[in-house]
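Structure first, then comments.
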Amino acid sequence: MKKLAIGILAALAPLGAETFVIQNATVMTEGSKGIFKGSVVVKDGKIADIGEKVMVPAGATIIEAGGLYLIPGIIDCHSHIAGSGGINEGSVSVSSMVNIKDIINPDDIAIYRALAGGVTTANILHGSANSIGGQTLPLKMRWGKSAEEMIFAGATPGIKFALGENPKRSGNPQGGRGAIGAIQIQARYPATRMGVEDVIREAFNQAKAYKAEWDAYDAAVAKGEHPIRPRTDLKLQALKEVLENKRYVHVHCYRADEILMMIRAADDNGFKVRTFQHVLEGYKVAKEIKEHGAGASTFSDWWAYKIEAIDAIPFNAALMAKKGIVVSLNSDDAELMRHLNTEAGKAMKYGGMNETEALAMVTINPAIQLGIDKTVGSIEVGKDADLVLYDGYPMSDFAKVTKVWIDGTQYFDRDKEVAAQAAKDAEKQQLLEKERSAQRPPSNRRPNQ
Amino acid sequence: MKILGLLMATALAAFAAGETVLIQNADIYPVTGAPLKGGSLLIQDGKIAEIGARIPVPKGATVLEGKGLRVYPGWIDSGTQLGLEEIESIRETNDTGELGDFMPQLKALSAVNPDSEHFGVVRVNGITTAIALPGGGGRGGGGGQIIAGQAALLHTDGWTWEEMEINRSAAMVLNFPSAAGRGGRGGMPAELQDMFPNAANNGMDARRAVLDQIAKLNAFFDDARAYKKAKEANQPDFQKDLKLEAMLPVIEGKMPLAVNASRAAAIHDAIAWSEKQNVKIVIMQPREVAKAGPELKAKNIPVVLGRVLALPENEDSEYDEGYTQPLEAYKAGVKFALGTFTNEFVRDLPYQAATAVAYGLPHDEALKALTINPAQIWGAGSLIGSIEKGKLADLMVVDGDPMDVRTQIRHIFIKGKEITLSNKQIRLYERYMSRQ
């Protein structure tokens, strides 16, 4: 898969990517070079060189960035944009057979808006209506490309689990924030946190039996025997992949008790939770999360919107980071997604992260959590040229995104965007006028005839 | 209104703690005037007693060394449910939306829970004053009101709601009937409505319903005027009516109506209606500010802008639509304040303003939108909203630009009383940091 991925990227990159040098920028690399003032050279969609002084390749375009800040493309570890027709298969308690990959809508305007907010990669998750939800994957925000072309090639796929209020109240048509989309179904097991645990343990009970059946079959085949092939179960197949560490588990959770429950259920069944998502009370069980080896992806300061968010604290991210957990800040929301840079800034205010630690929470840390840190998440030679240019200090609200590149191709340019607005408005008016005149009855005909 | 303000100031001062604090060597940003670098500010009897380059230390005063620090007036959030709503999704904790179409007698203030955790949370981020709004959506029950009740202007600190009060009748909340839903949010954009005359939300039924609601609204105002007349005539059979009694300050032009109207058409309708009724209005959460700007300016009507960090209204709206609303209001010459309209976002108020600065709003105008503008809009311009001698000592002492997320707040004063920079969240943080 990895080799294939590199092949695909290499084939894609030269199409739109040019060779260019961003110079005189303050570069916040989130890599070994820290923060420096200088240049970044981009070639064939990759970062070819960085430094205070670089060799400018022949024919390279120069982008003067004096006074501007360059950061790695922002990575949102938890998003629900670009899903068409709903992202919550809430009719069953275990929906591991469904896949977000099948419903990506590349025309969702939220993709462009996220891009304009500096997001270059987003983990698109299934909803949280089920204890075990659907399969997930990261996308690159390659606006204008097809759904397939947006898929982050080579990334380990994931699966969404959910604990607490959402899976237990899915039968309640009231929904509410967190229960994304209109959920109007019959009451459904589970209705308590106890039931959520049972559903997860039972699913892995079955998955382990399923895996044993397949392991026996594979072993027999390897020995040259001709056993009967077991039936493929799409629901258990995804969980078998979890047990084989081929699929990451991203767990929606809020309260400390349910986080601890999940850790123990995973320990008992021999798999790892890759990330705890939202994890608003993660600060209470940071020790256990750290020991398990999971990452934590949280909100900066959301709280009080529901009862399980009542003990949320804006220090959560910093506290968990201080206790040794890889922490990211996510959006879960098409609006918040547009300013994750300032969410990172709040980690400095609340809990005193330094600027590198804070920015890591929306760049290299989510990359680590998604297992894509070898190619994205920092500005280092050889990595994808996913870059964001700001006109001021990038974690302050006083700054705005001016340019965004993915794989060395420019996907957003504020100047062009602003310049095009008048033409877009005119086009809209023209289309409206056209539609109006088409609807207007011919003047020689009486409307009632 | 000014006189009322002064009277209130006198009344409030009596409650305030008699602590005397001298802030020295700080950069003082009054908002209404030029900054005073390395100056002093004296807090006495809950008020700003003096501002100057050097003030001798009064006997018994606490001295606060302000070298390298800045002093600003506290922030004012012009749209919240503070004290009225604890947890958004839990009906039992929510007292915003009452039943009934015409409910002017309802007062947000007396339903404010002074022990709400939200006050502690927003205080430490510099929000010293807020408008608490009755009505609106959420899960408070009704939410379908036309007149929702009286918005309170309150301090974010106090033992009781009485102590928190600045003005329990700061404004009467009106959800102006509109074809795009009450207040004109959502629905079909105006430029499309003529093309889809039969669309469910914009059909004749909806229009008729709007006209019907406006007729009811007018009838209610007629009733209020008739009531006033009857009351003044002092007839023996006159009976007090709590609803109509509550309307008197509105029809007398003493209390503004806070009118929810989003789209330009709804704003225009609301303005035309207010002129006919001869009442003062403030437009709440307008979204088509550029379009409505000239009329708002011409009629001298202030607005309270909603969250700057908000998604564009339509799929084809400019991506920065929300970010540029304050700039549009400023360019049109309209007086504006900011509101966050959701309790969990109140503490982000200064960052919302900073975003507007990133997208072109002058820095000073952003400061005004969080301080003196709302103070004036809500009739408390002589009391709060700037650092001036005689005003209440609602202050924050900070180590940088107060709208920058990197800035830390060092001291908060509300009515001259220093606020402990702690809250439930800070206590939880400290407690769990110590877990081994």
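Please treat every number below as a calculation from the coordinates, not as lab data. The structure displayed is predicted, hence computed values, not measured ones. Reconstructed Cβ throughout: ideal geometry from the backbone, glycine too, with neighbour counts over all protein chains shown.
Under a 5 Å amide H cut-off, with hydrogens placed 1.01 Å from N, B:Leu106 pairs with B:Gln150 among residues at least 5 apart or on other chains. Estimated at 0.36 nm per residue, the fully extended path between A:Ala438 and A:Ala220 surpasses their Cα-Cα distance by 71.5 nm.
Each residue of region A:12-69 gets 82 Å³ once the volume of the Cα convex hull is shared out per residue. Each residue of region B:111-126 was assigned a 3J(HN,Hα) from its phi angle through the Karplus curve 6.51 cos²θ - 1.76 cosθ + 1.60 (θ = phi - 60°); the sequence is 9, 6, 8, x, 8, 3, 4, 4, 4, x, 5, 7, 4, 5, 9, x Hz, with glycine and proline shown as x. Over the C-alpha atoms of region A:183-262, the Rg to Rh ratio, Rh being the Kirkwood estimate, stands at 1.10. Highest GNM mean-square fluctuation among B:Gln325, B:Gln145, B:Gln277, for chain B modelled with Cα contacts below 10 Å: B:Gln277. Size of region A:250-351: Rg and Dmax of its alpha carbons, in Å, are 12.9, 39. Region B:379-428 and region B:69-102 have Cα centres separated by 19 Å. Peptide B:355-366 has a mean shielding of 3, counted as Cβ atoms of other protein chains within 10 Å of each residue's Cβ.
Most simply put, region B:282-436 has about 55% antiparallel DSSP beta bridges, counting only bridges with both residues inside it. Shape analysis of chain B based on the Cα gyration tensor places the equivalent ellipsoid semi-axes at 37, 26, 21 Å, largest first. Working from Cα pairs under 8 Å separated by at least six residues, relative contact order for chain B is 19 percent.
Using a simple spin-label model with pseudo-atoms 7 Å out from Cα toward Cβ, B:Glu50 and B:Ser434 lie 4.3 nm apart. Across all directions, the average flat footprint of the convex hull enclosing the Cα atoms of region A:292-432 is 11.7 nm².
Taken one residue at a time, the phi angles of region A:198-210 give Karplus couplings (6.51, -1.76, 1.60, θ = phi - 60°) of 4, 4, 5, 5, 5, 4, 6, 4, 5, 5, 5, 5, 4 Hz. Gly and Pro are set to x. Peptide A:394-402 has a mean shielding of 6, counted as Cβ atoms of other protein chains within 10 Å of each residue's Cβ. Principal-axis analysis of the Cα atoms of chain B puts helix B:424-433 at an angle of about 50° to the longest axis. If you run the Gaussian network model on chain B, springs between alpha carbon atoms under 10 Å, then out of B:Glu418, B:Glu288, B:Glu315 the most flexible one is B:Glu315. Only helices enter the 222 nm calculation for chain A: every DSSP H run of n ≥ 4 contributes -39,500 (n - 2.57), and dividing by all residues gives -10000 deg cm²/dmol, rounded to 500. With only alpha-carbon pairs counted, each pair once and no self-pairs, how large is the Kirkwood hydrodynamic radius of region A:26-173 in angstroms? Kirkwood hydrodynamic radius for region A:26-173: 17.7 Å.
Expressed to the nearest 5 percent, the antiparallel share of DSSP beta bridges inside the protein assembly as shown is 55 percent.
Between B:Val121, B:Val259, B:Val405, where does the largest GNM mean-square fluctuation fall for chain B, given springs only between Cα atoms within less than 10 Å? Sorting by GNM fluctuation, first place goes to B:Val405.
If one computes P(r) from the Cα atoms of the protein assembly as shown, what percent of pairs lie at distances over 56 Å? Of the Cα pairs, 14 percent sit more than 56 Å apart. When restricted to Cα atoms, chain A yields an Rg and a Dmax of 23.9, 86 Å, respectively. For region A:324-378, the relative contact order works out to 34 percent when only alpha carbon pairs closer than 8 Å and six or more residues apart are counted. Each label was represented as a point 7 Å from its Cα along the Cα-to-Cβ direction; for B:Leu211 and B:Lys231 these points are 3.3 nm apart.
Using θ = phi - 60° in the Karplus curve 6.51 cos²θ - 1.76 cosθ + 1.60, the 3J(HN,Hα) couplings for region B:303-318 round to 10, 10, 7, x, 4, 5, 7, 9, 5, x, 5, 10, 4, 9, 5, 4 Hz; x is entered for Gly and Pro.
Placing pseudo-labels 7 Å out from each Cα toward the beta carbon at A:Ala191 and B:Ser110 gives an inter-label distance of 4.0 nm. The H on the amide N of A:Leu139, modeled in the peptide plane, is under 5 Å from the matching H of A:Ala122, A:Asn123, A:Ile124, A:Phe152, each at least 5 residues off or on a different chain.
Counting only other chain Cβ atoms within 10 Å of each residue's Cβ, the peptide B:46-52 averages 0. Rounded to the nearest 10 degrees, the inclination of helix B:264-277 to the longest alpha-carbon principal axis of chain B is 90 degrees.
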